[in-house]
Amino acid sequence: QVQLVESGGGLMQPGGSLRLSCAPSRMIFSINVMGWYRQAPGKQRELVATIVSGGSTNYADSVKGRFTISRDNAKNTMYLQMNSLQAEDTAVYYCNANLRERFNSPWRNYWGQGTQVTVSS
């Protein structure tokens, strides 16, 4: 079964930037919606941003103007550019994708394993 692989998390000072990446572990047939979610300690998982194959995006109010979601459809790779990071952005960030593994596969929802982002001085 295909997996979503995330990278790019780490420790950053407030005001700094990080870039997250997410891609399937092997070649797949097609991806529809992709998105980033995050979960802070003691809180529920929440939407950060989504992007559809045509490029339309949606952001949580808390990250608008600071985060940018993008995707490279040729590489089936999604990115999250995070600027002006705040302590409140500290969380585990999860990649999500609705995809078809093969041409005759059903659309299914997949999650990555999560990558830790810590914003602290």
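Quick grid of which residues meet (1) in a strand (DSSP E or B); (2) of a type in the set (D, E, K, R); (3) free of Cβ contacts under 8 Å to residues at least 40 places away in the same chain:
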{"position": "Asp61", "(1), (2), (3)": "no, yes, yes"}
{"position": "Lys64", "(1), (2), (3)": "no, yes, yes"}
{"position": "Thr68", "(1), (2), (3)": "yes, no, yes"}
{"position": "Asn98", "(1), (2), (3)": "yes, no, no"}
Query raised in the report: Which one of these does Asn58 not meet: (1) within 27 Å of Met12 (Cα to Cα); (2) open to solvent by less than 50 Å² (accessible area, probe 1.4 Å)?
Result: (2)
Query raised in the report: Give me the pairs: first residue in the range 14-40 and under 16 Å from Leu85 (Cα atoms) and open to solvent by 60 Å² or more (accessible area, probe 1.4 Å), second residue of a type outside the set (S, T, N, Q) and assigned to a strand (DSSP E or B), beta-carbon distance under 6 Å, and six or more apart or on different chains, which are they?
Result: Pro14/Val119; Gln39/Ala91; Gln39/Val92
**Report entry** Residues of the range 100-119 that turn out to be under 15 Å from the mean Cα position of the chain (by Cα), touching a residue at least 60 places away in the same chain (Cβ under 8 Å) and at negative phi, as a count
**Finding:** 7
Query raised in the report: If you go through the range 103-111 one residue at a time, do you hit one that is of a type outside the set (Phe, Trp, Tyr), out of contact with any Ser or Thr (no Cβ under 7 Å at 6 or more places or on another chain), surrounded by 14 or more Cβ atoms within 10 Å (Cβ to Cβ) and part of a loop (DSSP other than H, G, I, E, B)?
Result: no
Report task. Would you point out the residue of the range 70-95, among those that are crowded, with 16+ Cβ neighbours inside 10 Å and part of a loop (DSSP other than H, G, I, E, B), that is modelled with the lowest pLDDT? Result -> Asn76
Report summary line: The number of residues in the range 45-55 that are in a strand (DSSP E or B), surrounded by fewer than 18 Cβ atoms within 10 Å (Cβ to Cβ) and of a type in the set (S, T, N, Q) is 0
Requested in this report: Sort through Thr77, Thr50 and tell me the only one that's under 12 Å from the mean Cα position of the chain (by Cα), of a type in the set (Ser, Thr, Tyr) and under 14 Å from Pro24 (Cβ atoms).
Outcome: Thr77
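The values are calculated or read from the model by the stated rules, or taken from the named source; none is laboratory data. Model, not experiment: these values are computed from the prediction. With ideal geometry, Cβ positions are generated from the backbone for all residues, glycine too; neighbour counts draw on all protein chains shown. Keep in mind that these areas ignore ligands, DNA and RNA; they rest on the heavy atoms of the full protein, side chains included. Shrake-Rupley method; radii C 1.70, N 1.55, O 1.52, S 1.80 Å.
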